[in-house]
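Chemist: This is the structure I have questions about; it appears just below.
The values are calculated or read from the model by the stated rules, or taken from the named source; none is laboratory data. Computed from a predicted structure; not experimentally measured. No Cβ is skipped: glycine too gets one built from the backbone with ideal geometry, and neighbour counts run over all protein chains shown. Heavy atoms of the whole protein, side chains included, go into the accessibility calculation; ligands, DNA and RNA do not. Shrake-Rupley method; radii C 1.70, N 1.55, O 1.52, S 1.80 Å.
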Amino acid sequence: MAGAITVVVTRPAAAGRSLADDLQRAGQPALWLPAFEFGPAPDEAQARSALAKLADYDLAIFVSPQSARATAALLAAPWPAATAIAAVGAGTRAAVLAAIPGAADATLLPARDEDLRGSGSESLWPLLQALQPRPRRVLLLRAQGGREWLADKLQAAGSAVTPLAVYARLPSVPSAELRARLAAAAPRGLASIVTSSDAVEALAGMLGDQPEVLRALRAGAALASHPRIAERLRAAGFARVAVCAPDAGAIVAMLREGGG
């Protein structure tokens with residue numbers, strides 16, 4: 001039964017807390033263990049300076065909802081209508097429209113959520129390939145570091161890509177209370193929902209001094225929001241891996257079916 005185990009939600013920020021709450025309301029025990037905390041831009045002055053020159057770019061790409069919210073806090077003026085916007089995922093698209101003043105007046109990819117086929121950068125790439133004319137200068141709005149797949153694709157297609165860190169992704173430090181709850185839940189079984197490839201390594205770092213919890217996570221169902229994350233989980237020794245949307249209803253249904 002799904003309710004006999006505890007789902008460890010690793011998604012950061014408000015979306016992760018909300019998912020854990022939704023699972024609890026659905027009758028599924030859950031604990032929120034964010035893989036990361038979000039902080040301000042590593043170099044706020046540089047970020048503000050670059051964003052003041054948005055009109056110099058043909059396209060700006062938001063990689064996550066947090067990148068949209070962080071950018072909004074750094075903008076000194078509404079978004080220039082001539083600078084197109086691309087968003088990785090439907091959640092990021094919604095965050096852009098909600099947080100960025102003037103975004104609705106710019107060309108937005110995807111134009112509709114239904115235009116995405118799947119999730120992640122791979123689903124956005126066909127839409128970028130279809131852009132005419134091809135963007136010459138692209139601003140990639142993200143945390144410090146990150147996956148380079150989309151930047152590499154754009155550069156290979158002839159675009160000049162400038163990464164800009166608009167927020168910092170920081171290690172999360174579980175509280176003593178949370179560690180105790182994880183330890184108490186581990187003997188009954190743990191499952192996890194993972195929404196970032198980097199979260200796999202972050203989990204190992206956070207739980208290095210709680211090997212029994214890490215063993216329980218690796219033995220339980222590990223639900224990944226993208227096939228790429230599923231591959232990382234398998235490589236890290238998670239035995240029962242499946243791809244699942246980070247949605248309470250989908251997670252409960254997957255666990256009832258036996259998870260991975």
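Chemist: Just to be sure before I move on: is Ala68 at pLDDT 95 or above, open to solvent by less than 20 Å² (accessible area, probe 1.4 Å), small (Gly, Ala, Ser) and not in a loop (DSSP other than H, G, I, E, B) in the structure I sent?
Modeler: yes
Chemist: Quick one: would you say Pro29 is out of contact with any helix residue (DSSP H, G or I) (no Cβ under 6 Å at 6 or more places or on another chain), closer than 26 Å to Leu139 by Cβ and in contact (Cβ under 8 Å) with a residue 40 or more places away in the chain?
Modeler: When the stated conditions are applied, Pro29 does not pass them.
Chemist: Would you mention how many residues in the stretch 81-105 are part of a helix (DSSP H, G or I) and among the β-branched types (Val, Ile, Thr)? Explain how you work it out, then say what you get.
Modeler: Going residue by residue through the stretch 81-105, those that are part of a helix (DSSP H, G or I) are 90-99, 103-105.
Filter again for among the β-branched types (Val, Ile, Thr), leaving 92, 96.
Result for the stretch 81-105: 2.
Chemist: Turning to a different aspect of this structure: State the number of residues belonging to the stretch 4-23 that are more than 15 Å from Ala245 (Cβ to Cβ) and basic (Lys, Arg).
Modeler: Number of matching residues: 1.
Chemist: Another question about this same structure. Restricting attention to the stretch 18-44, which residues are assigned to a helix (DSSP H, G or I), open to solvent by less than 70 Å² (accessible area, probe 1.4 Å) and either more than 25 Å from Ala199 (Cβ to Cβ) or among the polar types (S, T, N, Q) (or both)?
Modeler: Ser18
Chemist: Quick one: count up the residues across the stretch 155-171 that are modelled with pLDDT under 95 and surrounded by 19 or more Cβ atoms within 10 Å (Cβ to Cβ).
Modeler: 1
Chemist: Being assigned to a loop (DSSP other than H, G, I, E, B) and more than 16 Å from Ile193 (Cβ to Cβ) is the filter here, so list the residues in the stretch 204-238 that pass it.
Modeler: Gly208, Asp209, Gln210, Gly237 - these are the residues of the stretch 204-238 that are assigned to a loop (DSSP other than H, G, I, E, B) and more than 16 Å from Ile193 (Cβ to Cβ).
Chemist: Sticking with this structure for a sec: Which one of Ala250, Ala180, Ala184, Ala245 is touching a Cys at 6+ places or on another chain (Cβ under 8 Å) and surrounded by fewer than 21 Cβ atoms within 10 Å (Cβ to Cβ)?
Modeler: None of the others qualify; the one that does is Ala250.
Chemist: Provide a single number: the residues in the stretch 239-260 that are over 15 Å from Pro29 (Cα atoms) and either in a loop (DSSP other than H, G, I, E, B) or of a type outside the set (Gly, Ala, Ser) (or both).
Modeler: 11
Chemist: For the stretch 210-229: of the residues being within 26 Å of Ser123 (Cα to Cα) and not charged (D, E, K, R), which is most open to solvent (accessible area, probe 1.4 Å)? Write out each step before concluding.
Modeler: The initial filter retains those residues of the stretch 210-229 that are within 26 Å of Ser123 (Cα to Cα), namely 221-229.
Going one step further and asking which of them are not charged (D, E, K, R), we end up with 221-227, 229.
On the way: Ala221: 3, Ala222: 0, Leu223: 2, Ala224: 0, Ser225: 30, His226: 23, Pro227: 71, Ile229: 3 Å².
It comes out as Pro227.
Chemist: Also: Looking at (1) in a helix (DSSP H, G or I); (2) open to solvent by 60 Å² or more (accessible area, probe 1.4 Å); (3) modelled with pLDDT of 95 or more; (4) not hydrophobic (A, V, I, L, M, F, W, C), find the lone condition where Pro78 falls short.
Modeler: Result: Pro78 fails condition (1) only.
Chemist: Name the residues in the stretch 230-242 that are within 21 Å of the chain's Cα centre (by Cα) and open to solvent by less than 80 Å² (accessible area, probe 1.4 Å), would you? Let's see the steps before the verdict.
Modeler: Of the stretch 230-242, the ones within 21 Å of the chain's Cα centre (by Cα) are 230-236, 238, 241-242.
Ala230, Leu233, Ala236, Phe238, Val241, Ala242 - these are the residues of the stretch 230-242 that are within 21 Å of the chain's Cα centre (by Cα) and open to solvent by less than 80 Å² (accessible area, probe 1.4 Å).
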